[in-house]
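Here the structure comes first, spelled out in structure tokens, and everything after it is commentary.
The values are calculated or read from the model by the stated rules, or taken from the named source; none is laboratory data. Since the structure is predicted, the reported quantities are computational estimates derived from the model, not experimental observations. All Cβ positions, even for glycine, are placed from backbone atoms using ideal geometry, and neighbour counts span all protein chains on display.
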Amino acid sequence: MSTKFDKIDDIQKVTVWITNGLDAEAIKYSELFGKELSPQGSGKDKDALTTSQIRNIYGEVQRLKMKGFDKTSLLLLKPRLAYTTERKGTEGSKNFRKIIDKALDAVLSSATEEEKKIRFENFANFFEAILAYHRSFGGK
């Protein structure tokens, strides 16, 4: 799998999207990234991110959305993400972790609680877009 999604420009764009909201470029990026993480994009099942890996983290994001934003729970996503992605250690899981870690950092670096809530919503939408495209490209 190529590592084109961990370039500095891409990581900085993720921070901007989480901070300022998603735009058409963010959705296109989600599509390309979701495909790259899938067996179709990676070219090999062994390099792909599995649906169970991505859904494990996504489930926690959804729980946070339902019960309300909680900084401690959001902080705990980082070690959960590390465990989930490094357990298999595929290129897809490593690339996924780099991008999601950066997106989480953008949420957590907010100056106010209100800003954190807005950024969390942007993060959740970005994550959902990646998951949807990953699945549409055959993510298993």
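At a glance:
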| quantity | calculated |
| --- | --- |
| Any pair with Cβ under 9 angstrom, 6 or more apart, that starts in the range 63-77 at a residue that is under 15 Å from residue 113 (Cα atoms) and ends at one that is of a type in the set (Lys, Arg) | 68/117; 69/116; 69/117; 71/116; 73/63; 73/67; 74/116 |
| Where residue 63 falls short, out of the listed (1) part of a helix (DSSP H, G or I); (2) modelled with pLDDT of 80 or more; (3) under 14 Å from the mean Cα position of the chain (by Cα) | (3) |
| Residues that are surrounded by fewer than 18 Cβ atoms within 10 Å (Cβ to Cβ) and within 16 Å of the chain's Cα centre (by Cα), drawn from the range 110-123 | 121 |
| Residue 114, sole failed condition from (1) free of Cβ contacts under 8 Å to residues at least 24 places away in the same chain; (2) in contact with a Leu (Cβ under 6 Å, 6 or more places away or on another chain) | (2) |
| Any hit, the range 23-38, residues being assigned to a loop (DSSP other than H, G, I, E, B) and modelled with pLDDT under 90 | yes |
| Enumeration of residues in the range 83-106 that are farther than 13 Å from residue 121 by Cα and touching a Lys or Arg at 6+ places or on another chain (Cβ under 7 Å) | 85, 90, 101 |
| Residue, farthest from residue 54 (Cα to Cα), within the range 88-109, restricted to residues that are free of Cβ contacts under 8 Å to residues at least 24 places away in the same chain and more than 15 Å from the chain's Cα centre (by Cα) | 109 |
| Residues of the range 1-12 that turn out to be modelled with pLDDT of 70 or more and buried (at least 16 other Cβ atoms within 10 Å of the Cβ), as a count | 2 |
